[in-house]
Amino acid sequence: MQHVRVIPTLLLKDWGIVKTVGFDAETYIGCPINAVRVFNANDVDELILLDILATQEGRTPDPERVTQIADESLMPIAVGGGLRSVESVRQMLACGADKVVLNSAAIEVPELVRDCATHFGSQCVVVSIDARREAEGWQVLTRRGTTTTGLDPRRLAGDLQRQGAGEILINSIDRDGTWEGYDLELVEEVSSEVGIPVIACGGAGRLEDF
């Protein structure tokens with residue numbers, strides 16, 4: 001049986017974790033340090049931390065808080081939110097992150113993925129693609145689902161791999177926070193376009209979903 005990597009995603013807002021539904025309807029659910037301790041005890045494979053206000057506020061995740069979480073974590077962590085330059089990525093890695101997650105900037109700053117892969121290696125560059133179902137397929141959105149791009153997630157994933165991305169995080173906006181299971185069709189379509197690992201995100205609620 002193929003090993004399934006369990007990679008929780010924590011959405012950070014200020015110094016708390018929130019749960020969203022369809023990228024909206026935020027509900028506070030706890031402290032990130034306590035969550036990390038729970039995941040440590042349950043032998044989680046990796047952890048993704050996304051600061052959901054960073055891009056909107058034109059900043060990066062707080063370095064001190066990232067360091068605190070990294071120091072507490074027994075598992076590799078990936079950090080995302082507002083990372084738009086090689087230097088901002090370098091800062092997160094210096095704080096203890098093992099990987100970074102690029103989202104809006106991977107589209108808005110075309111050279112960023114390639115530059116980060118060149119400086120730090122593809123193995124630490126994860127690109128998150130937020131996709132919403134439409135009448136014919138899916139469309140990629142950026143900036144927490146508020147900006148349409150006209151891009152197809154499958155073609156974008158292939159382009160990102162060629163630019164140097166080491167992993168693709170495919171996030172279904174429609175399934176986000178619903179506990180209705182992953183959009184497997186979306187995951188399979190994206191996976192078929194690339195030869196790098198694809199992380200499914202959005203909708204998991206039962207063991208069977210994995």
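The values are calculated or read from the model by the stated rules, or taken from the named source; none is laboratory data. As the structure is a prediction and not an experimental result, all values here were calculated from the model. Using ideal geometry, Cβ is built from the backbone for each residue, glycine included, and neighbour counts are taken over all protein chains shown.
Scanning region 115-127 for residues that are touching a helix residue (DSSP H, G or I) at 6+ places or on another chain (Cβ under 8 Å) and within 18 Å of LEU169 (Cβ to Cβ) gives CYS116, ALA117, PHE120, CYS124, VAL125, VAL127. Candidates GLY121, GLY150: the one that is surrounded by fewer than 18 Cβ atoms within 10 Å (Cβ to Cβ), modelled with pLDDT of 95 or more, over 14 Å from the mean Cα position of the chain (by Cα) and under 21 Å from ALA97 (Cα atoms) is GLY121.
Considering only region 57-66, state which residues are in a helix (DSSP H, G or I) and closer than 12 Å to LYS13 by Cα.
Initially, region 57-66 is screened for residues in a helix (DSSP H, G or I), giving 57, 63-66.
GLU57, ARG65 - these are the residues of region 57-66 that are in a helix (DSSP H, G or I) and closer than 12 Å to LYS13 by Cα.
Right, VAL89: of a type in the set (A, V, I, L, M) and not in a helix (DSSP H, G or I) or not? So VAL89 does not fit the description; no.
Do we find that ALA106 is surrounded by 21 or more Cβ atoms within 10 Å (Cβ to Cβ), assigned to a helix (DSSP H, G or I), within 14 Å of the chain's Cα centre (by Cα) and modelled with pLDDT of 95 or more in this structure?
Details: surrounded by 21 or more Cβ atoms within 10 Å (Cβ to Cβ): yes; assigned to a helix (DSSP H, G or I): yes; within 14 Å of the chain's Cα centre (by Cα): yes; modelled with pLDDT of 95 or more: yes.
Yes, satisfied.
Taking ARG84 as the residue in question, decide whether it is modelled with pLDDT of 95 or more and not in a helix (DSSP H, G or I). So ARG84 fits the description; yes. Considering region 6-47, the residues that are of a type outside the set (Asp, Glu) and touching a Pro at 6+ places or on another chain (Cβ under 7 Å) include one that is surrounded by the most Cβ atoms within 10 Å (Cβ to Cβ), namely LEU47.
The C-beta contact set for region 153-164 (first residue over 11 Å from GLU193 (Cα atoms), second residue surrounded by 21 or more Cβ atoms within 10 Å (Cβ to Cβ), distance under 6 angstrom, 6+ apart or interchain) comprises GLN163/VAL113; GLY164/VAL113.
Take the residues in region 1-26 that are among the β-branched types (Val, Ile, Thr) and assigned to a loop (DSSP other than H, G, I, E, B); name whichever of them is farthest from GLY202 (Cα to Cα).
The selected residue is VAL4.
Against the conditions (1) more than 17 Å from the chain's Cα centre (by Cα); (2) assigned to a loop (DSSP other than H, G, I, E, B), ARG155 satisfies every one except (2).
Scoring ILE129 on the criteria (1) of a type in the set (Val, Ile, Thr); (2) over 20 Å from ALA165 (Cβ atoms); (3) out of contact with any Gly (no Cβ under 8 Å at 6 or more places or on another chain); (4) buried (at least 21 other Cβ atoms within 10 Å of the Cβ) leaves a single failure, condition (2). The residue of region 174-210 that is surrounded by the most Cβ atoms within 10 Å (Cβ to Cβ), among those that are touching a helix residue (DSSP H, G or I) at 6+ places or on another chain (Cβ under 8 Å) and small (Gly, Ala, Ser), is ALA200. Quick one: count up the residues across region 184-207 that are among the charged types (D, E, K, R), touching a residue at least 24 places away in the same chain (Cβ under 8 Å) and either within 19 Å of GLN163 (Cβ to Cβ) or assigned to a helix (DSSP H, G or I) (or both). The qualifying residues number 2.
Just to be sure before I move on: is ILE69 in a helix (DSSP H, G or I), without any contact (Cβ under 8 Å) to a residue 40 or more places away in the chain, touching a helix residue (DSSP H, G or I) at 6+ places or on another chain (Cβ under 9 Å) and of a type outside the set (Gly, Ala, Ser) in the structure I sent?
On the way: in a helix (DSSP H, G or I): yes; without any contact (Cβ under 8 Å) to a residue 40 or more places away in the chain: yes; touching a helix residue (DSSP H, G or I) at 6+ places or on another chain (Cβ under 9 Å): yes; of a type outside the set (Gly, Ala, Ser): yes.
Yes.
Residues of region 38-64 being on the phi > 0 side of the Ramachandran plot and modelled with pLDDT of 95 or more, which ones? Scanning region 38-64 gives a single hit, GLY58.
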